[in-house]
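Inspection log for the structure reproduced underneath, given as structure tokens.
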Amino acid sequence: MPAMRVLALSYFALPILLALSLATPQTATADDSSNVAERKDPGDASGSLSPKQRLDNLFTSLKRQRDPDQASLIADQINAELSDSGSATVNLLMQWADKAILDKRNAAAMDYLDQVISLRPNYAEGWNRRATLNFAIGDYRKSMEDINQVLRIEPRHFGAIAGMAALLMERGNDALALKTWERFLEIYPANRAAQEEVSKLSEKIAGSRT
């Protein structure tokens, strides 16, 4: 597994764990971690677009795409855009947090993520990564608080929405979890796993009413 692309917790495992596939772009080294730079590929026509415009275009494509494999590729691009903070220092802290999570050094990972949020409070992925970690250690209240921060910054963050659904299901709130998965599908309609969750929850809720 490449060091710069860390798969954290699968948000469709049962019991569903919070998160999405974390795509961290290759960025800072220790020598350049103090520099803040927005990286653009000079051969990429989208380089002339702002990060918000790129995200808007990707989310529009994701909503229109009905092929699950193609949609997954678009989702990966969205994850990469969301993961890039625009700061080499913050990106490096995120890489260290990812490594600490993989090594099960949760206290260290939490410290790195706290620093990320302090440096970039409007960076949605910092909050999302901390929500993932809080879920993993069983602090569901703090995880939900972090998810709410993610969605305040980026309401279309489907990974955070999946995490919210996971928390609601963990708490036994199936009706609200169903609405949350439906919200997920409004953004990412081709996702089969989310479709299956909606189907299972719908059947469960219908069965409880008979």
In nm, spacing of pseudo-spin labels at K99 and R171 (7 Å Cα→C-beta vector)
3.6 nm
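As a quick test, which of the pairs K63/K179; K63/K204; K179/K204; K63/K99 have an alpha carbon distance above 21 angstrom in this structure?
Values: K63/K179 18 Å; K63/K204 27 Å; K179/K204 14 Å; K63/K99 32 Å.
From K63/K179; K63/K204; K179/K204; K63/K99, over 21 Å: K63/K204; K63/K99.
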Using a 1.4 angstrom probe on the protein heavy atoms only, could you order I137, I101 from most to least accessible area?
I137, I101
N148/R209 FRET efficiency (R0 41 Å; Cβ-Cβ; nearest 0.05):
0.85
Between K200 and D76, what FRET efficiency follows from the Cβ-Cβ distance if R0 is 30 Å, with the result rounded to 0.05?
0.70
Using the Karplus curve 6.51 cos²θ - 1.76 cosθ + 1.60 with θ = phi - 60°, what ³J(HN,Hα) values do you get for each residue of region 151-162, in whole Hz, with x for Gly and Pro?
6, 5, 7, 9, x, 8, 5, 5, x, 5, 5, 4
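The values are calculated or read from the model by the stated rules, or taken from the named source; none is laboratory data. Values in this document were obtained by computation on a predicted structure and should not be read as measured data. Cβ coordinates were reconstructed from backbone atoms using ideal geometry, including for glycine residues, and neighbour counts include every protein chain displayed. Accessible surface areas use protein heavy atoms only, side chains included; no ligands, DNA or RNA. Shrake-Rupley method; radii C 1.70, N 1.55, O 1.52, S 1.80 Å.
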